Each structure stands twice: as C-alpha cells, then as structure tokens.
1. From the residues in the range 276-297 that are under 17 Å from residue 231 (Cβ atoms) and under 20 Å from the mean Cα position of the chain (by Cα), which one is surrounded by the fewest Cβ atoms within 10 Å (Cβ to Cβ)?
2. What number of residues in the range 61-82 are within 26 Å of the chain's Cα centre (by Cα) and part of a loop (DSSP other than H, G, I, E, B)?
3. Does the range 202-228 hold any residues that are without any contact (Cβ under 8 Å) to a residue 24 or more places away in the chain and closer than 25 Å to residue 151 by Cβ, and which are they?
4. Would you list the helices (runs of 4 or more DSSP H) that sit entirely within the range 88-190 and hold 1 or more residues that are farther than 30 Å from residue 12 by Cα?
5. Condition check: closer than 16 Å to residue 170 by Cβ and either surrounded by fewer than 19 Cβ atoms within 10 Å (Cβ to Cβ) or in contact with a helix residue (DSSP H, G or I) (Cβ under 8 Å, 6 or more places away or on another chain) (or both). Does residue 138 satisfy that?
6. From (1) under 20 Å from residue 46 (Cα atoms); (2) in contact (Cβ under 8 Å) with a residue 60 or more places away in the chain; (3) crowded, with 18+ Cβ neighbours inside 10 Å, pick out the condition that doesn't hold for residue 131.
7. For residue 175, are the conditions met, namely being surrounded by 18 or more Cβ atoms within 10 Å (Cβ to Cβ) and either out of contact with any strand residue (DSSP E or B) (no Cβ under 8 Å at 6 or more places or on another chain) or under 30 Å from residue 61 (Cα atoms) (or both)?
8. Restricting attention to the range 254-268, which residues are under 19 Å from residue 129 (Cβ atoms) and in contact with a helix residue (DSSP H, G or I) (Cβ under 6 Å, 6 or more places away or on another chain)?
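The values are calculated or read from the model by the stated rules, or taken from the named source; none is laboratory data. Here the structure is a predicted model, which is why all the values come from computation and not from measurement. No Cβ is skipped: glycine too gets one built from the backbone with ideal geometry, and neighbour counts run over all protein chains shown.
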C-alpha cells in the first residue's frame, strides 16, 4: 500500500499537475520572455549546496549527541555518516532524532521566512533552501522507516512498538505533507522575482521556478558529491537525488497555479565568490576534519 501511495504522490500527482499546466499555458496570450538571470541561478546552485550539507550535518550531529550522553554508547561523527559502539535500550530511539532535528530546522526557517526575515535575495534564498532541505530530508525517511525496520526512522518506530498500521499511517501523513510543503516553497521561491514580467503568466512562473530552483537543485547534486565521498555510490547519490527530486517535482509542476504571488525580490548584488568560498571552506571541514571521525566519548 505504501509503495503504491508513494508512486501516486511522488510521480503520478506531479505529472498530472504538470500536464494541466501545459494545457493552461497553451491557451495563454503570448507575453515577453524575460532573459535568464544566470547570476541568480548560479547563486542558487551554491546556496543549495551549502544548505544541503549543513542540514545533513545537523542530522548526523543530532544522531550522535543523544548517544553521547547515554551510558554505554560511544558514537563517532563522520562527514557522511555516524557510528557507535556499545548497547543501550535507547539506541534505537535515538536513530530518529536526526530526522526530527532536520524537520524542526526546516519549520524554523519557514517561520523566519513568513516573518519576513532576510529581505535581500541571498539570505532569503539561503533560508528557503535550508527549510527545503530540512523538510524534504526528513519526510522521505518516515516513508522509508515504515517500509524498512533497518532504517534510522524504522528503528525509532520499532522502539515504540508501532504496528504495521501505525507505520502506514505515519508514512501516508508524510506523503500527504509533501505537496503541501511544496506549495509553500513555491510561493517563497516565486517571491524572489525582481520583475513583475517574471511572474506575468503561468508559463512565466514555471520558467522562473525552472531557472531559480529546479536547475540549481539538479546541478547542485554534482557539487554535493565531493562532500559525501568516499562511500558506496548508492549511499553517495541516493539522499541528494531524493531530497532534490521529491520536492522539486511538485514545486516545478505546480508553479503555474500560483498567480497571486508578487515580485518582491531584489537583483543579486553580492559577488558569487562569497558563497563559492563558503562552499569550499565547508568542503574542507567535511573532508579534513569530519572524514577521519570525531569521537563523542
């Protein structure tokens, strides 16, 4: 049942929505096409790369910290994982704290966005990507946890002795939340437009999301890989692909519907060298400091 629901929510739903948008744009009057803002696209790529890796670090840190304060457990934090030695009844429960931490981080960033924090485009976009990665790094783990007791969230579910029906309900709720959150992120992303012409039609909204979010999220997958190696390639690729795909498919498919969003963004003014430098520094931290492992005991 969960597998069928996942296919419906993650594939069929966005495809139907995108098809409706395609028919809608065909009937629209022709409007001038605004030139592609490559500077905004490149900024988005770099900020997504930073946000993903910072959120992943938060996830692993909060998988380690509860174990560090648990007698009998000796956890070690790495750049792409964590491990622990010893046994304790709470170890399974603490496998769910990472997803909980990223989800709460995502909600916190969404709250800041709704409060209007970060009016300039770079901080707003960074908050959007932090919120996006926090939410969409957590929700798929609930679905996987319902299907696999060996996954992080699956272990936490087993700690609570959740029945198969309870796990299915949790997974269905997580799947149902995906399009709802995607709609919120679409609004925030469209609000980055600096010209009304960028949102003048359904097609224009879809183009802006494609240039500002979809392309950057996909390109950033390549930039994220050096942060995660060495490890089995399925482990290196799986999470970045899932996080980018699960949310962006819905965001891109439904962008055409949000015609009431106003263009309140500002042109990108900061040099791209700043976020690029930050990404390089973070990569060095991951590979030189975290890769050997930091023991928390």
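1. Result: 283.
2. Residues flagged as within 26 Å of the chain's Cα centre (by Cα) and part of a loop (DSSP other than H, G, I, E, B) within the range 61-82 amount to 4.
3. 221, 225
4. Where helices (runs of 4 or more DSSP H) fall fully within the range 88-190 and carry at least 1 residues being farther than 30 Å from residue 12 by Cα, they are 97-114, 121-147, 152-159.
5. yes
6. Of everything listed in (1) under 20 Å from residue 46 (Cα atoms); (2) in contact (Cβ under 8 Å) with a residue 60 or more places away in the chain; (3) crowded, with 18+ Cβ neighbours inside 10 Å, residue 131 misses just condition (2).
7. Taking the combined requirement at face value, the residue satisfies it.
8. 254, 255, 258, 261, 265, 266, 268
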